[in-house]
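Enquirer: I have a structure here, written as structure tokens, and I will follow up with some questions on it.
The values are calculated or read from the model by the stated rules, or taken from the named source; none is laboratory data. None of these values were measured; they are calculated from a predicted model. Cβ placement follows ideal geometry from the backbone for every residue including glycine, while neighbour counts extend to all protein chains displayed.
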Amino acid sequence: MIIILFGPPGAGKGTQAQIIEKKNGLLQLSTGDMLRKAVASGTHYGKRAEDKMTAGELVSDDIVIGIIADRIKEKDCSNGFILDGFPRTVAQAEALDVMLVEEGVSLDAVIQMEVDDAALVGRIAGRYTCAGCNQGYHDTDVKPKTEGVCDCCGGTEFKRRADDNAETVGKRLKEYYAQTAPVLPYYAEKGVLQQVDGMASVEEVAAQIAVILAA
């Protein structure tokens, strides 16, 4: 089974990918992780990627596709995999399709997590974590049982990501709709695009995805 998750930053793609991974025996693949591993291992595509990065250039789509092709041949991908954050352009989507055909596999589902932009900004801007154990909290949705004290480790120090603010989230949303969202019609035309309510609870979103994957 091969799945692609789409949605803007903060939509919960990573959380749902982990749930799918455990429930369906799939492997969540990150292009960033694969790229770093290929460079460190000195593979053919890893060396090409390193040359590009050393020269201050962007790693080309053909190199990224080659790295993915190498990765999915490994044993831990035998049951399938989940792509989160790739492809980001129609050209990448087309190249990915060609590669999958060459590998004798095909996409089972492209799942779009639909969100309310204003609510999403509030969701991200309000989140913070315990500095000790990284337990996640939110200003309004998920507060510690005792104010200022972590439920898990009893720590009293908390932290926020520097980019978890309304201005930065707004910019990331604009980038997503300008650059990545145009890929969705491509998959809609191919008949593999499905939507779920990304603003629902984690459990509700997981249930919606489960129905799609069971079809």
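Enquirer: For residues that are in contact with a Pro (Cβ under 7 Å, 6 or more places away or on another chain) and more than 23 Å from residue 204 (Cα to Cα), tally how many sit in the stretch 82-134.
Expert: Matching residues across the stretch 82-134 total 3.
Enquirer: Six or more apart or on different chains, Cβ atoms under 8 Å: show the pairs whose first residue is in the stretch 158-179 and touching a residue at least 24 places away in the same chain (Cβ under 8 Å) and whose second is of a type in the set (S, T, N, Q).
Expert: Every condition considered, the pairs that remain are 158/129; 159/129; 160/129; 179/89.
Enquirer: What pairs come out if I take residues in the stretch 67-91 that are in a loop (DSSP other than H, G, I, E, B) and pair them with residues that are among the charged types (D, E, K, R) whose C-beta lies under 8 Å away, six or more apart or interchain?
Expert: 72/103; 73/103; 80/108; 85/13; 89/61
Enquirer: Output the residue which, of all residues in the stretch 121-150 that are over 17 Å from residue 162 (Cα atoms) and not in a loop (DSSP other than H, G, I, E, B), is farthest from the chain's Cα centre (by Cα).
Expert: Once the filter is applied, the top-ranked residue is 146.
Enquirer: So, one more: Starting from residues that are of a type in the set (A, V, I, L, M, F, W, C) and not in a helix (DSSP H, G or I), keep the ones in the stretch 163-215 and report whichever is surrounded by the most Cβ atoms within 10 Å (Cβ to Cβ).
Expert: 196
Enquirer: Give the stretch 107-136 a look and list any residue that's within 22 Å of residue 195 (Cβ to Cβ) and out of contact with any strand residue (DSSP E or B) (no Cβ under 7 Å at 6 or more places or on another chain), or say none.
Expert: 115, 116, 117, 118, 119, 120, 121, 122, 123, 124 - these are the residues of the stretch 107-136 that are within 22 Å of residue 195 (Cβ to Cβ) and out of contact with any strand residue (DSSP E or B) (no Cβ under 7 Å at 6 or more places or on another chain).
Enquirer: When the residues of the stretch 20-61 are filtered to those that are assigned to a helix (DSSP H, G or I) and among the hydroxyl-bearing types (Ser, Thr, Tyr), which remaining residue is nearest to residue 1 (Cα to Cα)?
Expert: 31
Enquirer: Then there is this: It is to be established whether one or more residues within the stretch 88-103 are in contact with a Leu (Cβ under 9 Å, 6 or more places away or on another chain), surrounded by 14 or more Cβ atoms within 10 Å (Cβ to Cβ), closer than 24 Å to residue 18 by Cβ and at pLDDT below 95.
Expert: No: the stretch 88-103 contains no residue that is in contact with a Leu (Cβ under 9 Å, 6 or more places away or on another chain), surrounded by 14 or more Cβ atoms within 10 Å (Cβ to Cβ), closer than 24 Å to residue 18 by Cβ and at pLDDT below 95.
Enquirer: Any residue in the stretch 116-128 that is in contact (Cβ under 8 Å) with a residue 60 or more places away in the chain sitting within a Cβ distance under 7 Å of a residue that is acidic (Asp, Glu)? List the pairs, counting only those 6 or more apart or interchain.
Expert: Every condition considered, the pairs that remain are 124/164.
Enquirer: So, one more: Specify which of the listed residues (85, 66) is touching a helix residue (DSSP H, G or I) at 6+ places or on another chain (Cβ under 7 Å), farther than 28 Å from residue 197 by Cα and surrounded by 17 or more Cβ atoms within 10 Å (Cβ to Cβ).
Expert: 66
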